[in-house]
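Undergrad: Once you've had a glance at the structure underneath, I'll fire off some questions.
The values are calculated or read from the model by the stated rules, or taken from the named source; none is laboratory data. Quick caveat: nothing in here was measured; it's all calculated off a predicted structure. All Cβ positions, even for glycine, are placed from backbone atoms using ideal geometry, and neighbour counts span all protein chains on display.
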Amino acid sequence: MMSRKYNVVVTRQLPEAGQILLQDASDIEFVQWTEDRPCDRDWLLQHAKGASGILLMLTEKVNEELINAAGPQLKVIASFSVGTDHVDRSILKSHNIRLGYTPTALTDACADLAVMLTLMSQRRGGESLRKVLDGQWPQMPWSPLLLAGPPIRGATVGFLGFGRIAQATLKRLLPFGIARALYLTSRPRERAREHYIGLLDGSGIPVEPAQDWREVARESDVVIVGCALTPQTKHLVGPEFLATMKKRAVLVNIARGPIVDTDALVKALEEEQIFGAGLDVVENEPNIPADHALLKQERCILVPHIGSANTETREQMATESVRNLLAGLRGENMVNEVVL
Amino acid sequence: MTQKSALLIGGIAHIRKEWEECSSFLKLSEYPDGSREDFMSRCKNGEYSDLFAIYRSNESTKVTGPFNKELIDVLPSSLKFICHNGAGYDNIDIDACTRRGIQVASTPVAVNDATADVAMFLMLGALRRITPSFQAVHQGKWKGSDPRLGHDPKNKVLGILGMGGIGSAVATRAKAFGMKVQYHNRSRLSENEEQGAKYVGFEELLKTSDVLSLNLSLNASTRHIISKEQFDMMKDGIIIVNTARGPLIDEAALVDALKSGKVWSAGLDVFEEEPKIHPGLLNNNNVVLLPHMGTSTWETQRDMELLVLNNLKEAVKNGKLITQVPEQKKAKANI
C-alpha cells in the first residue's frame, strides 16, 4: 500500500534551513515558486487545487477564492509572518483550516528597526544622507544647529498597540533615557495583560495605558505604530491625529502601511505639523515610484518593509513555518498557531 | 562521538572562565534574555533538539518563567539533566521532570552559612526592634522620636522549623548567642547532627518557642504552614524570622498577628508575593525587612555557581549528579 503523501504548495524559496526541512519531510509532495518575486496569483490558484497545505508569505491573500480553488482537503495555511491581515480568518475557521504563524521569531528584529527609525527620524538621518549623496556637503559646513533634531532623552514615547514588538521596542529605548511611555491597545485604559518581556513592573519610568488616541497624539514626542491592521485601526493615524501631535514629534510605523493615512502624512510633513516620520511600511507598497509624494518629503525616512530582515530571524521563521505546516498536516501541535 | 550540548539560561556572573573552559568537552550555548514565549517557541521549533543539560541560573525564572509542567513538556527529549542554581527549587516541577526522565540538581550546602548569617541579622534586628532607630540615625535624627528597648537573645528559646543545612547553621550561631535551641523536622536528626538541639513536635514548637525561625523548603504541603491557626497557638509576643520562602507564611495573617501584638516583631527576607510586600508590613516599624538577599555575597554566589557547574560536569562525565534534589533520590531502607 502506498503511504499517504500530502500535496503542499510553497509560494517562495525559503532560507536554507527551511528548505532542508521541506525536503526531508517524507509525507509531502511539494510544488514551489522558484522565481525571486512574489508568486503569480494564477500560479497559486492553479497549484492550490488538491493541496492539503499551503506555506505562504504576506504577499499572498488567503480568501474565499483561494479556499475554493484548493478544495475541501485543505487543512492548513502556514504564514511566514506575524501579521495575518492578509488572511480571512473567518473563512479558515468555517472550513476548519488551521493557521500557523511566526509571532515570536521576529520580535527582536522588528524592535531593532523601530529604534533605528526613531533615531533616524529624530536626528534627520534621511535629510542628512540625501544632502551628502547629492554632493551638498561642501555647501553645508558644520554649524551649531546644522541638521539638529530633538533628543530622545526625556522623551515621552506613545505606542499604538502594545504587544511583543512594542514592548521589546520600549525595552530598547529605556537606556536612551526616555522619561515616560504610554500605550493604546484594543482595550483602552486597561493595563496590558501580557508582559512579554517582564519589564512593565520594573522599568523605572511610568508605563501607563492611554485614555484614547488623542492622549497618545497630544503627549508623545515619539509615536510608534505597532498594532495589527484591522478595520478599527485602518487610517487610525489620519489628519486629526497628525494635527494633534506635537510639532517636534516623530511618527514611526513598523506595523502595516494602511494604519497611517499616507496623504494626510504628506500634508502634515509639508506643513510641518510634525517633525518627521520613519516608515518601514506604507500604503500600496511596494508600488512606490521615485516621484511618490512621500519621497519628496525630506523629513520622511522610508525603508522597504525590512522589519524582520535579519538572517537568523528569517531562518527561524522558515523552520517555524515548515514545522507549522507539517504539524497542521499531521494533526500535531504547531510551534505557534493562531486561535481562530 | 559527538559532543554533548549544554544550554545556559540567564547569566553567569562569577565563573565565566570556568564555564567557557567546558567548551573542551561540551557544546555550549546560551539564552541570556528573552521571554517565556520566545524560549518555548525555540524549543518547539527544534532549536535545542540535541540538548543534554541545562544550567539554570538563579535569575532564569525572570527570563523563561517557572519550569512548570507546561514548559517542561516542550523541552527536547534529548534533555537529561537540569542543574539549578538555588537551594530552593519550588519554581521547578520535579515530578514533571522525573516523568520525563530528567534529573534535577539544586545547590544546598553552599547557601547554608550566608543564609544563616542573614537569619541571625534579622533575628537580632527583630529582637531589638531596630528599624526606627536605624532609620533615625541614618537621617541624622539620632535616636528619633521612638527610642525603644529590645530583648537579649540569651536564654530565649529558638524554635527552628526545618533542620536541614541552613537550619543547623542557624542553630550553631544561635547557641553562640546563648539561645536554647529546639527544632521540628520531617524526621529526627541523629544525635551527632542535633548538636544538643531538642526535637519537638510541630505544635509544641509553636507553643513553646520565643523565637521561631522558618528554614524549611516550600512545596505543596508546606504552603501557608504558618497561618492564623498556628499564630493562635504561639506564645504572646513571639518573634518570627523567615529566610526560607514567603508563601510558607500567610502574610495577611502575619500582619494581623503583628497588629494584635501576638507577634512582637518579625525579621523577613522573603515574602509571599515578592517583590510585592504586604502594605501592613511596610507600615509596621516593628519589622525588619530585607529584599531576598540571603545568599548575596561574592563568596557564596561564586560557590553556588561552581556547584551548579560541577553538577553539570558530573552529569556529562559520569551520568549522575552531585547534589540531586532529595525528591528524586530513591528512598533508602533504614537498615
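Undergrad: Among the residues of region A:327-338, write down those that are within 11 Å of another protein chain (Cβ to nearest Cβ), more than 18 Å from the chain's Cα centre (by Cα) and buried (at least 20 other Cβ atoms within 10 Å of the Cβ).
TA: Within region A:327-338, A:A327, A:M334, A:V335 qualify.
Undergrad: Let me ask something additional. Only one of these is over 20 Å from the mean Cα position of the chain (by Cα) and among the polar types (S, T, N, Q): B:N91, B:N155, B:N112. Name it.
TA: B:N155
Undergrad: Suppose the filter is in the same structural domain as B:R188 (by TED's automatic domain parsing) and modelled with pLDDT under 95; does B:R129 pass it?
TA: no
Undergrad: Do you know which of the residues in region A:40-58 that are farther than 22 Å from A:K5 by Cβ and either surrounded by 15 or more Cβ atoms within 10 Å (Cβ to Cβ) or outside the structural domain of A:M317 (by TED's automatic domain parsing) (or both) is farthest from the chain's Cα centre (by Cα)?
TA: A:M57
Undergrad: Somewhere in region A:158-180, is a residue of a type in the set (S, T, N, Q) and surrounded by fewer than 20 Cβ atoms within 10 Å (Cβ to Cβ)?
TA: Scanning region A:158-180 turns up no residue that is of a type in the set (S, T, N, Q) and surrounded by fewer than 20 Cβ atoms within 10 Å (Cβ to Cβ).
Undergrad: Still on this structure: Counting only residues that are over 29 Å from A:G276 (Cα atoms) and of a type in the set (G, A, S), which one in region A:96-123 is farthest from the other protein chains (Cβ to nearest Cβ)?
TA: Per the criteria, the residue is A:G100.
Undergrad: Consider region A:281-326. How many of its residues are among the polar types (S, T, N, Q), crowded, with 18+ Cβ neighbours inside 10 Å and within 22 Å of A:T59 (Cβ to Cβ)?
TA: 6
Undergrad: Between a first residue in region B:145-167 that is at negative phi and among the β-branched types (V, I, T) and a second residue that is buried (at least 22 other Cβ atoms within 10 Å of the Cβ) and outside any loop (DSSP other than H, G, I, E, B), which pairs have beta carbons less than 7 Å apart while being 6 or more apart in sequence or on different chains?
TA: As it stands, the answer is B:I160/B:G167; B:I160/B:V170; B:I160/B:A171; B:I160/B:V181; B:I160/B:Y183; B:I160/B:S213; B:I166/B:T115; B:I166/B:A116, since those pairs meet every condition given.
Undergrad: Hey, another quick one. Does A:I152 satisfy the condition of being in contact with a Ser or Thr (Cβ under 8 Å, 6 or more places away or on another chain) and at pLDDT below 95?
TA: no
Undergrad: Report yes if A:S79 is away from chain B (no Cβ under 14 Å), in contact with a His (Cβ under 8 Å, 6 or more places away or on another chain) and surrounded by 21 or more Cβ atoms within 10 Å (Cβ to Cβ), otherwise no.
TA: Taking the combined requirement at face value, the residue satisfies it.
Undergrad: Can you confirm whether region A:28-39 contains a residue that is touching a residue at least 60 places away in the same chain (Cβ under 8 Å) and more than 26 Å from the chain's Cα centre (by Cα)?
TA: yes
Undergrad: Across region A:82-94, which residue is surrounded by the most Cβ atoms within 10 Å (Cβ to Cβ) among those that are under 17 Å from A:L325 (Cβ atoms) and more than 14 Å from chain B (Cβ to nearest Cβ)?
TA: Within region A:82-94, the match that is surrounded by the most Cβ atoms within 10 Å (Cβ to Cβ) is A:V87.
Undergrad: Continuing with the same structure: So which residues in region A:155-176 are in a loop (DSSP other than H, G, I, E, B) and either at pLDDT below 95 or aromatic (F, W, Y) (or both)?
TA: Of everything in region A:155-176, those that are in a loop (DSSP other than H, G, I, E, B) and either at pLDDT below 95 or aromatic (F, W, Y) (or both) turn out to be A:F162, A:G163.
Undergrad: Could you tell me which numbered condition B:G10 fails, if it satisfies all but one of (1) crowded, with 21+ Cβ neighbours inside 10 Å; (2) under 26 Å from the mean Cα position of the chain (by Cα); (3) within 14 Å of another protein chain (Cβ to nearest Cβ)?
TA: Evaluating B:G10 over (1) crowded, with 21+ Cβ neighbours inside 10 Å; (2) under 26 Å from the mean Cα position of the chain (by Cα); (3) within 14 Å of another protein chain (Cβ to nearest Cβ) leaves (1) as the failure.
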